[in-house]
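Comments concern the structure below.
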Amino acid sequence: MWLPCGCTSKYVASSFARRTLASYLHVSGRSRCNVAAFMPEAAGLEGVSGRAALRELSVSNSESFWAAVARHRLCWSTPFHTVQDCDLSRGKIKWFEGGKLNVSVNCLDRHVHTCPERVALIWERDERGSEMKYTYGELLEMTCRLGNLLRRHGVKRGDCVTIYMPTCPLAVASMLACARIGAAHNVVFAGFSADALAERIRDGEMLLLIITVNQGVRGGKVTELKKTVDTAMQSCPTVKQVFVAMRTDNPVTMTARDIAMEEVREQKANQILEIQIQAVEDVVCEPAVMNSEDVLFLLYTSGSTGKPKGLVHTQAGYLLYAALTHRYVFSYHDGDVFGCVADIGWITGHSYVVYGPLANGATTVLFESTPIYPDPGRYWDMVERLKINQFYGAPTAIRLLLKYGDQWVNKYDRSTLKTLGSVGEPINTEAWEWYHRVVGDGRCPVVDTWWQTETGGICIAPRPSDPDAEIVPGMAMRPFFGINPVLMDTEGEVLTSNNTSGALCMAQPWPGMARTIHNNHQRFIDTYFQPYPGYFFTGDGAYRSEEGYYQITGRLDDVINVSGHRIGTAEIEDVVNQCPAVAESAVVGYTHSIKGQGVYAFVVLKKGIDVQEADLSRQLNGMVSEKIAKYASPDFIQFAKRLPKTRSGKIMRRVLRKVVESDLEGLGDLSTLDDPAAGWKNKCQCQI
Ligand code: WTA
């Protein structure tokens with residue numbers, strides 16, 4: 001039996017719940033405080049006197065904390081019997097075992113029962129002023145129809161469905177439909193090329209089915225998504241069916257494999273007014289009863305070596321963590337309109353466009369356009385029109401808009417804004433100040449949120465527990481509830497003092513963290529748990545200030561961050577090296593005033609190759625766009641006679657980075673280079 005709403009009722013009322021709750025609480029006797037008013041989830045945690053103590057307890061007694069919030073915030077059909085069973089040294093992470101629930105019920109049905117007319121989604125379409133709203137009732141109906149459609153075409157619990165769509169209501173409903181029938185989803189960013197899409201489909205052998213749209217529309221430009229899928233399909237023989245939805249009214253060639261997803265209900269003057277997912281499908285779709293640790297989704301992300309890895313997130317822990325962070329980091333309150341402008345193809349879209357806001361019954365915005373289309377006032381016009389209360393975006397867009405000037409912001413009423421968020425890359429002080437002073441009129445707190453695909457949700461942010469806490473510009477500041485960050489020195493020892501920098505690790509598991517890498521648990525262990533045994537290694541470096549605040553200093557590995565998009569330099573090198581003229585290459589990131597980091601490739605040609613460097617540069621750029629995505633293609637390609645290497649043959653990227661940053665004096669000790677006379681002082685770059 002499902003608990004449609006008021007998720008605490010059955011669980012907390014059960015004798016089981018009372019027994020376990022009591023047994024988790026080891027602190028007692030002290031008075032209750034305003035903690036319950038601040039965080040109702042924690043009301044059962046007796047003896048916690050204040051928010052600081054609550055945060056303290058969330059780490060020192062994380063089981064009782066997470067048990068209480070999981071009971072309160074999620075709607076279970078069967079209560080869990082074990083809060084956690086984790087062993088970081090083995091990469092074993094399990095939360096809420098014994099518990100059964102359905103994520104789509106948590107995101108839809110329970111809100112439909114209490115407020116069916118509340119708007120769940122506002123689709124801010126590329127065409128300005130043409131937004132469309134969908135209530136929780138409508139989204140549930142769409143999800144159920146889609147769930148039935150998928151079931152009718154043979155998708156079963158445990159299967160995996162690839163979704164290759166731009167940010168739109170059907171994409172959200174597709175994700176939730178998978179969750180409803182117990183299938184996992186694998187959303188592939190619609191900016192990825194056919195090769196990248198095919199690689200992600202092939203890696204997850206069990207992928208059978210794809211959902212896409214005929215064409216995408218972004219920034220006034222049409223992209224041929226269905227055609228890209230057709231190309232990808234040539235190397236994906238396991239895919240049996242492709243569902244095609246219509247974003248534009250231009251027909252596309254359909255093959256025997258393709259199935260139209262919607263019926264056009266009403267059409268006027270070439271404009272589709274209403275489309276409905278195959279109306280033959282029933283609007284009731286029985287939700288699958290899922291175990292807490294069943295897979296909810298795979299999401300591919302870049303690492304420092306090898307191919308992108310499919311990180312696996314599971315049901316209960318992920319949803320709980322996304323919901324809790326959404327509520328407390330942004331001070332979200334019932335009735336707020338939450339505007340996260342990330343694409344659903346990235347983890348930010350998963351956690352803060354879809355799962356976190358919908359689990360909390362929020363109105364969430366689906367942004368299909370770009371920050372400068374049709375002009376640089378787009379975001380703020382949207383804030384005024386949709387009355388957005390929390391705005392969450394990437395520093396790269398803020399840096400870009402800052403250059404266009406304040407007038408594009410001041411033109412619009414932003415008085416509904418309460419919190420401004422930043423994600424994906426470091427936010428420099430100038431951008432932070434502008435965001436705060438101009439966009440937020442100096443009255444909205446800016447929360448610089450640090451997290452990763454691996455962490456499932458925000459881990460370090462300025463105000464998880466105290467809405468009035470001090471914020472230092474450009475610092476992620478404080479760990480969220482249940483998060484226990486540590487800094488490690490080069491010897492692998494924990495740095496205990498403040499005012500120090502080191503490798504950022506997590507000393508404790510939390511419910512939102514990824515569980516494994518699809519089909520490669522050993523890689524999961526080697527990447528995250530082997531570098532500092534017993535700890536989760538983030539791959540980032542951080543500084544901890546005198547006051548104990550955290551500032552992220554950047555990646556410690558060969559992953560770079562271009563416009564907030566994460567990419568491994570090895571992936572780009574892989575593509576460049578496929579060019580028959582290229583002997584070897586090395587790619588490094590460099591500081592870019594808008595994108596945060598740009599891509600700089602050093603290329604060594606095979607002996608005897610005689611080509612125009614400009615032609616070859618164009619060719620290499622085209623190859624990277626085609627095999628990965630446009631954002632990954634190099635800004636600069638420099639042809640070199642050879643690459644600087646250590647005697648053991650490792651490319652000295654440190655030297656290359658210095659060359660790129662034109663810091664030729666700071667190259668350091670080159671005595672280990674196999675050939676110090678390789679010509680590194682002759683920098684000649686070829687801008688594309
Ligand atoms: C970087 C995005 C500085 C970091 C949510 C991390 C940040 C990587 C911040 C994860 C921030 C994310 N300040 N750097 N506030 N947020 N990063 O998996 O290097 O796409 O490891 O997740 O982005 O990127 P991912």
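The values are calculated or read from the model by the stated rules, or taken from the named source; none is laboratory data. These numbers were taken from a predicted model, which means no experiment stands behind them. When we count neighbours, we look across all protein chains shown, and the Cβ atoms used for this are built from the backbone with ideal geometry, even at glycine.
Within segment 507-519, if we keep just the residues that are modelled with pLDDT of 95 or more and more than 18 Å from the chain's Cα centre (by Cα), the residue that is surrounded by the fewest Cβ atoms within 10 Å (Cβ to Cβ) turns out to be A507.
Please count how many residues of segment 61-84 are in a strand (DSSP E or B), in contact with a strand residue (DSSP E or B) (Cβ under 6 Å, 6 or more places away or on another chain) and surrounded by 17 or more Cβ atoms within 10 Å (Cβ to Cβ).
Residues meeting the conditions: 1.
What do you reckon, is K221 under 27 Å from Y373 (Cα atoms) and of a type in the set (K, R)? Against the criterion (under 27 Å from Y373 (Cα atoms) and of a type in the set (K, R)), K221 qualifies. In segment 537-568, of all residues being at pLDDT 95 or above, of a type in the set (S, T, Y) and within 12 Å of the ligand (Cβ to nearest atom), the one that is surrounded by the fewest Cβ atoms within 10 Å (Cβ to Cβ) corresponds to Y543.
Of all residues assigned to segment 579-591, none qualifies as being polar (S, T, N, Q) and assigned to a loop (DSSP other than H, G, I, E, B).
Checked against the criterion of being more than 16 Å from the ligand (Cβ to nearest atom) and closer than 14 Å to G421 by Cβ, the candidates T364, T348, T370 yield just one match: T364.
Restricting to segment 85-103, count the residues that are surrounded by fewer than 20 Cβ atoms within 10 Å (Cβ to Cβ), in contact (Cβ under 8 Å) with a residue 12 or more places away in the chain and more than 22 Å from the chain's Cα centre (by Cα). So that I can check it myself, show each step before the final result.
Kept after step one, since they are surrounded by fewer than 20 Cβ atoms within 10 Å (Cβ to Cβ), are these residues of segment 85-103: 85-87, 89-90, 92, 94, 97-98, 100.
Now narrow it down to the ones that are in contact (Cβ under 8 Å) with a residue 12 or more places away in the chain: 85-86, 89-90, 94, 97-98, 100.
Subsequent filtering for residues that are more than 22 Å from the chain's Cα centre (by Cα) retains 85-86, 89-90, 97-98, 100.
Matching residues across segment 85-103 total 7.
Considering each residue of segment 326-338 in turn, at least one proves to be in contact with a helix residue (DSSP H, G or I) (Cβ under 7 Å, 6 or more places away or on another chain), hydroxyl-bearing (S, T, Y) and away from the ligand (no atom under 14 Å from the Cβ).
Evaluating G442 against the criteria (1) in contact with a strand residue (DSSP E or B) (Cβ under 8 Å, 6 or more places away or on another chain); (2) farther than 26 Å from T591 by Cα leaves one unmet condition, (1). Selection within segment 287-310: residues that are in a loop (DSSP other than H, G, I, E, B) and under 18 Å from G98 (Cβ atoms). The member of this set that is farthest from the ligand (Cβ to nearest atom) is V289.
In segment 560-572, the residues that are part of a loop (DSSP other than H, G, I, E, B) form Cβ pairs under 7 Å with partners that are away from the ligand (no atom under 11 Å from the Cβ) and of a type in the set (S, T, Y), at six or more places apart or across chains, as follows: S563/T396; S563/Y631; G564/T396. Residues of segment 520-536 include none that is over 20 Å from L311 (Cβ atoms) and surrounded by 21 or more Cβ atoms within 10 Å (Cβ to Cβ).
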